[in-house]
Amino acid sequence: MTEPAARSRHIPVLGREVLTWLQPRDGGVYVDATFGAGGYSRAILETAQTRVIGIDRDRTAIAGGFELVEQSNGRLTLIEDRFSNLAEVCSAQGVASVDGVVMDIGVSSMQLDEAGRGFSFRADGPLDMRMGQEGPTAADVIATASEADLANIIYIFGEERHSRSIARAIVAARKQEPITSTRALADLVGKIVRGKPGEIHPATRTFQGLRIFVNGELDELHLALAAAERVLKPGGRLAVVSFHSLEDRIVKNFLGERGKAGGGSRHLPEIAQAAPSFVILTKRPVTADSDEISANPRARSAKLRAAERSAAPAHIAADLPAWPVLGDVMRGG
């Protein structure tokens, strides 16, 4: 667990830019939907006389934020939950609408640095990858999923073009002995995908795919964006920081749909279209400058998108994409 002193020095990725677009104001209520090390919450609390509701499904992150709760004199509330439930969390706190929501999508630096969590192959550890404390681990998925499901998981969520070969190798290897450690999986993938100097480790995409799948991260993001749309008051702002193309595409498409004005085709009958529920503030994603990248290499892939809630009603949420789901895969369905 990270020591409180270390956590207090945590600088969130694109933190200055997030505050610029979020524009915290005195008396405002804000949701830090992915609390992590508390960097965004701390910055919001220091900027104005605000109240912050911090959410994280990782119990370690919540426990590590208790010092900041004490320092905030009652202005910070921490809740252990999934960020897709942010509307329900706000309601339980007696908050019907909020002035801003910030999300930092994906695995945190704390989780990556703790070998026992199994998110990284930089140090050997159990093949866990769960952000919370419940559900199957990555090792369980590796042991149970069919070859076809493994290939789909690694291809869809890891964007790995060698997914079929990797899945075939995993199925063959698990017949000999269980694959339960990060190093065992990384070494196995390294024999299939040949790395080149200066490129990412050959196992990076496979680990990404498994992590996203185990935690249902993309479904969580779809649901969290729709929840933010419901709880933001007119003029309230949404700021989302993502770290790879899958996440950024979901955010971009969500805001694009919500920010789109009506207008049918002249060749088709007029179709009623919901009024724009967001005004997009960042026409292009905001990225880190060279100084921030030098200080924090993780910022290199970060993209920030921001939007302001209009007075229009929230749109009807679309169905989730038809991709592999943890429960189905573990049941063999």
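The values are calculated or read from the model by the stated rules, or taken from the named source; none is laboratory data. Since the structure is predicted, the reported quantities are computational estimates derived from the model, not experimental observations. FYI the Cβ positions are ideal-geometry reconstructions off the backbone, even for glycines, and counts take in every protein chain you see. These accessible areas exclude ligands, DNA and RNA; they are computed on the full protein's heavy atoms, side chains included. Shrake-Rupley method; radii C 1.70, N 1.55, O 1.52, S 1.80 Å.
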Ordering of 66-72, 213-219 by packing [mean C-beta count within 10 Å, highest first]: 213-219, 66-72
Taking the solvent-accessible surface of protein heavy atoms with a 1.4 Å probe, what is the per residue accessible area of the chain in Å²? 48
Set the Förster radius R0 to 25 Å, insert the Cβ-Cβ distance between Q49 and E88 as r into 1/(1 + (r/R0)^6), and round the FRET efficiency to 0.05. 0.45
Answer in debye to the nearest 20: the dipole magnitude of the stretch 28-94 about its Cα centre, from +1 Lys/Arg and -1 Asp/Glu charges placed on Cβ, is 100
Just the number, please: carbon plus sulfur as a percent of the accessible area of the chain, 1.4 Å probe, no ligands or DNA/RNA counted. 51
Within the chain, percent of DSSP bridges classed antiparallel, to nearest 5: 40
Using θ = phi - 60° and the Karplus relation 6.51 cos²θ - 1.76 cosθ + 1.60, list the HN-Hα couplings for the stretch 86-102 in order, rounded to whole Hz, with x at every Gly or Pro. 4, 5, 5, 4, 4, 4, 5, 8, x, 10, 7, 8, 10, 8, x, 9, 10
With r defined as the distance between the Cβ atoms of E134 and T287 and R0 fixed at 41 Å, what FRET efficiency is calculated, to the nearest 0.05? 0.75
Count charges around D289 for me, please; just the other residues with Cβ under 13 Å from its Cβ, Lys/Arg as +1, Asp/Glu as -1. -1
Using a 10 Å cut-off on Cβ atoms, rank the peptides 29-38, 76-85, 315-324 from the highest mean neighbour count down. 29-38, 76-85, 315-324
Rg and Dmax [Cα atoms of the stretch 176-300; Å; Rg one decimal, Dmax integer]: 20.4, 63
Taking R0 as 41 Å and r as the Cβ-Cβ distance between S146 and K233, the FRET efficiency 1/(1 + (r/R0)^6), rounded to the nearest 0.05, comes to 0.30
